[in-house]
Amino acid sequence: QVQLVESGGGLVQPGVSVRLSCAASGFTFSNYAMRWYRQTPGKERELVATITTSGNTNYAESVKGRFTISRDNARNTAYLQMNSLKPEDTAGYYCRVLALGAWGQGTQVTVSS
C-alpha cells in the first residue's frame, strides 16, 4: 500500500536550517508529483511546496526564497530544505501524493529561542 514517512523535524532556533525527508513506498515514486503541506492547530493545512515529475517547483509566497523542495527518484524520497527558519514556520509538516490521495503522518517543526 502507499506509504509516506516524514522525518527530520524537531525544536530549532530561529535562523537555522532543517531538512525534512519524505520516504515513499507502495507506488512508482518517479511517476508522481509530490507536495509538502504544513498545519498549525486550529488552521487548515497550507500548501508549502510542489515538485513535479520533471522537477518543476512551486512555493507558497511565505516560504519562497527560503525553502527548497527536491526529490531523489533513486531513493524514492522527497525533501524540503528549510533555511532561515522563523517562529511562524512552526507547524506540523506533511508530504502528500495528491493524485493518490495519500498523506504521511507528519513531522513537527518548532522554531523557538
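The values are calculated or read from the model by the stated rules, or taken from the named source; none is laboratory data. Predicted, not measured: the structure shown is a model, and the values here were computed from it. Cβ placement follows ideal geometry from the backbone for every residue including glycine, while neighbour counts extend to all protein chains displayed. We work out accessible area using only protein heavy atoms, side chains counted, and drop any ligands, DNA or RNA first. Shrake-Rupley method; radii C 1.70, N 1.55, O 1.52, S 1.80 Å.
Any residue at all in segment 22-43 that's open to solvent by less than 20 Å² (accessible area, probe 1.4 Å), small (Gly, Ala, Ser) and either outside any strand (DSSP E or B) or at negative phi (or both)?
Yes, segment 22-43 has at least one match.
So, in segment 95-113, exactly how many residues are in contact with a helix residue (DSSP H, G or I) (Cβ under 6 Å, 6 or more places away or on another chain) and at pLDDT below 95?
0
So for segment 49-69 (the condition being in a strand (DSSP E or B), touching a residue at least 24 places away in the same chain (Cβ under 8 Å) and surrounded by fewer than 18 Cβ atoms within 10 Å (Cβ to Cβ)), does at least one residue qualify?
No, segment 49-69 contains no residue that is in a strand (DSSP E or B), touching a residue at least 24 places away in the same chain (Cβ under 8 Å) and surrounded by fewer than 18 Cβ atoms within 10 Å (Cβ to Cβ).
In segment 86-113, how many are in contact (Cβ under 8 Å) with a residue 60 or more places away in the chain, open to solvent by 40 Å² or more (accessible area, probe 1.4 Å) and not in a strand (DSSP E or B)?
Total meeting the criteria: 8.
Restricting to segment 1-35, give me the number of residues that are in contact with a Gly (Cβ under 9 Å, 6 or more places away or on another chain) and not aliphatic (A, V, I, L, M).
Residues flagged as in contact with a Gly (Cβ under 9 Å, 6 or more places away or on another chain) and not aliphatic (A, V, I, L, M) within segment 1-35 amount to 7.
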